[in-house]
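Asker: If you scroll down you'll find the structure; I have some questions about it.
The values are calculated or read from the model by the stated rules, or taken from the named source; none is laboratory data. Because the structure is predicted, anything quoted here is derived from the model rather than measured. Positions of Cβ are generated from backbone atoms using ideal geometry, with glycine treated the same way; all protein chains shown enter the neighbour counts. In case anyone asks, the SASA skips ligands and DNA or RNA and just uses the protein heavy atoms, side chains included. Shrake-Rupley method; radii C 1.70, N 1.55, O 1.52, S 1.80 Å.
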Amino acid sequence: MDKSTVLVTGGTGFVASWLVKELLEQGQDARITVRDSQKEEKYAHLAEIEKQTPGTLKVYEADLLKEGSFDEAVSGCEYVFHTASPFIINGIKDANKELIEPAIKGTQNVLSSVNKVESVKRVVLTSSVVSIFGDHVDMKGKESFSEGDWNTTSSINHQPYSYSKTIAEKEAWKMMKEQDQWDLVTINPSFVMGPTLSKRTDSTSISTILSFLTGGFKTGVPNLASGIVDVRDIAKAHMLAAFTPKAEGRYIISGGEITFMEIAQLIEKNFPGEYPLPKRVVPKPLIWLIAPTVGLTREYVSKNVGYPVKFDTSKSKGELGMTYRSIETTFIDQVNQIKRDGLVK
Ligand code: NDP
């Protein structure tokens, strides 16, 4: 792989950290943006990796909401990975401020900076399967969701995170079409799980597994299915999306589907008796009734609980050569990392 200068926005996040590790291992000049470069503890794990790898790491300060904020970090880059975006699904008070604005303005700001320089050839945007579909019920009549599908059912009031990702991805495609200097490839992951490189627990992916391990779902889980993908496979997909010249369009990246109850059974099988895991599925009418007290809306329960979800990943396998770790491997490695780092007793 030729040496290039690449930028990863939000480089210290759960997903981005693994991507930065890959880039450093491949000897790339990796730049990352963080909101506050004084908080060295946020990127200490990457500085440590830099010492052991042929690549170089440079840290820039940038905020999604500040116009021109990414200019310096983008200048001279050949590839830009735009991963930074708030991933919040619970406890949202002001969806516009917390999700929509940073997602859309962030995309506009990063891509405006890209438009100001001639060096950038390709932008890889971390989108999501939630830009592909809104609710599980939207799968009606289909065997699976694929890259041709768009989320048309989310809004600022219903599934605002999904809405933020959808409008941000649409904006990116619009801005790509308005110029011919760089092309865009999007990575659309399902729910990302697996070991974390930093000890941060504020990512939704990590707080979800911690809820399983600390008894958060002890009284039971809804009959809810999810696509799951390993964070290391997501990093690989980003690399392939950037460095495979013929890569184009959107790529659903997902290792398979599993229900919340099956996740609990999988952890119990591999770590018997170690965690207060859920042992029963709470009936849908009961979940619907108590939804507001457990941070869900009744509309969400009605349109998602009890419905299957399935993703067609043939494009990623055929065009990028993606292979996926098993969901079991992902959870075993994640629980072992959490144990090793003392994140649960
Ligand atoms: P994290 O919460 O771990 O990371 C989010 C990153 O976004 C952080 O690095 C954070 O920067 C940055 N960020 C948030 N707000 C701002 C802002 N206003 N200005 C600058 N940077 C900001 O999330 P994940 O790693 O889980 O997610 C990364 C990306 O992947 C997101 O785009 C998310 O939507 C997408 N995704 C994630 C999935 C998952 O299951 N985790 C599934 C599908 C898509 P800072 O370090 O400064 O706090």
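Asker: When every alpha-carbon pair in the chain is counted, what percent end up more than 35 Å apart?
Answerer: Roughly 19 percent, rounded to a whole number.
Asker: Rounded, prolate or oblate: which one fits the stretch 242-300, using the alpha carbon gyration tensor with axes a ≥ b ≥ c (rounded when a/c is under 1.5, else prolate when a/b beats b/c, else oblate)? It would help to have the intermediate numbers written out before the result.
Answerer: Details: a/c = 3.68, a/b = 1.51, b/c = 2.45.
In terms of gyration-tensor shape, oblate.
Asker: What's the magnitude of the charge dipole for the chain around its Cα centre, counting Lys and Arg as +1 and Asp and Glu as -1 at the beta-carbon? Answer in Debye, nearest 20.
Answerer: Computed about the Cα centre, the dipole is about 880 debye.
Asker: Looking only at 109, 270, 223, which one moves most when the chain is put into a Gaussian network model with springs between Cα atoms under 10 Å?
Answerer: 270
Asker: Let me ask something else about it. Cut-off 10 angstrom, C-alpha nodes, Gaussian network model of the chain. Which of 16, 235, 291 fluctuates the most?
Answerer: Maximum fluctuation in the GNM of the chain, among the listed residues, is at 291.
Asker: Tell me the mean residue ellipticity at 222 nm calculated for the chain from its helices only (DSSP H runs of n ≥ 4, each -39500 (n - 2.57), averaged over every residue, nearest 500).
Answerer: -11000 deg cm²/dmol
Asker: Additional query: Which residue fluctuates most in the GNM of the chain (Cα springs below 10 Å): 222, 86, 54?
Answerer: Looking only at 222, 86, 54, the largest GNM fluctuation is found for 54.
Asker: Taking Cα centroids, how far is the stretch 134-165 from the stretch 200-216 in Å?
Answerer: Computed from Cα coordinates, the inter-centre distance equals 24 Å.
Asker: Here's something else I'd like to know. Taking a ≥ b ≥ c as the square roots of the Cα gyration tensor eigenvalues, with a/c under 1.5 meaning rounded and otherwise prolate when a/b beats b/c, else oblate, which class fits the stretch 280-345?
Answerer: Taking the square roots of the gyration eigenvalues as a ≥ b ≥ c, the stretch 280-345 is oblate.
Asker: Still on this model: If I fit a long axis through the Cα atoms of helix 231-243 and take the longest principal axis of the Cα atoms of the chain, what angle between them do I get, 0 to 90°, rounded to 10?
Answerer: So the helix axis and the longest Cα principal axis differ by about 30 degrees.
Asker: Putting +1 on Lys and Arg Cβ atoms and -1 on Asp and Glu Cβ atoms, find which of 60, 172, 251 reaches farthest to the positive end of the dipole of the chain.
Answerer: The one lying farthest along the dipole's positive direction is 251.
Asker: Testing the spin-label approximation: label points 7 Å from Cα along Cα→Cβ at residue 199 and residue 52. State their distance in nm.
Answerer: Calculated label separation equals 1.7 nm.
Asker: A follow-up question, please. Using alpha carbons only, how many degrees (0 to 90, rounded to 10) separate the axis of helix 101-116 from the longest principal axis of the chain?
Answerer: It works out to around 20 degrees.
Asker: Could I have the simple spin-label model distance between residue 317 and residue 3, label points 7 Å from Cα toward Cβ, reported in nm to one decimal?
Answerer: With each label point 7 Å from Cα toward Cβ, the separation is 3.8 nm.
Asker: Give me the accessible area per residue for the stretch 5-340, probe 1.4 Å, as a whole number in Å².
Answerer: Counting only protein heavy atoms, the per-residue value for the stretch 5-340 is 43 Å².
Asker: Contact order normalised by length for the chain, with contacts defined as Cα pairs under 8 Å and 6 or more residues apart; what percent is it?
Answerer: Values: 695 pairs, mean separation 59.9, N = 345.
17 percent.
Asker: Still on this structure, I have one more. Roughly to the nearest percent, how much of the accessible area of the chain is carbon and sulfur, given a 1.4 Å probe?
Answerer: After summing per-atom areas, the C and S share lands at 51 percent.
Asker: Would you work out if the stretch 1-62 is rounded, prolate or oblate? Take a ≥ b ≥ c from the square roots of the eigenvalues of the alpha-carbon gyration tensor; rounded if a/c is under 1.5, else prolate when a/b is larger than b/c, oblate otherwise.
Answerer: On the way: a/c = 1.84, a/b = 1.52, b/c = 1.21.
Here the stretch 1-62 falls in the prolate category.
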